[in-house]
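To start, the structure under review is shown below, and the notes come after it.
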Amino acid sequence: MTAPDNWQKSSFSGGGDGSNCLELASTPTTLHLRESDTPVTVLTTTPTPLTHLLDAIRAQAL
């Protein structure tokens with residue numbers, strides 16, 4: 001699989017040197033997530049499971 005080249009850092013990334021951030025990239029069918037300080041490790045998913053995960057996290061935060 002070819003790695004995406006459109007990585008974007010989270011707007012919630014902290015200050016400092018900017019190397020402790022969550023990055024997201026997309027292709028037509030998948031989403032790719034990685035941490036800035038370990039960019040070789042990439043989690044690949046589709047929008048539906050990621051939406052379910054984020055919904056569950058938000059529900060726990062209430």
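Can you report the number of residues in segment 30-62 which are in a helix (DSSP H, G or I) and touching a residue at least 12 places away in the same chain (Cβ under 8 Å)? Working first, answer last.
Initial filter on segment 30-62 (in a helix (DSSP H, G or I)): 47-61.
Subsequent filtering for residues that are touching a residue at least 12 places away in the same chain (Cβ under 8 Å) retains 47, 50.
The total comes to 2.
The single condition from (1) assigned to a strand (DSSP E or B); (2) at pLDDT below 85 that Met1 fails is (1).
The set of residues in segment 33-62 being at pLDDT 90 or above, loosely packed, with under 13 Cβ neighbours inside 10 Å and not hydrophobic (A, V, I, L, M, F, W, C) consists of Thr41, Thr46, Pro47, Thr48, Pro49, Thr51, His52, Asp55, Arg58, Gln60.
The values are calculated or read from the model by the stated rules, or taken from the named source; none is laboratory data. The model shown is predicted, which means the values in this text are computed figures rather than measured ones. Glycine also receives a Cβ, built like all others from the backbone with ideal geometry; neighbour counts cover every protein chain displayed.
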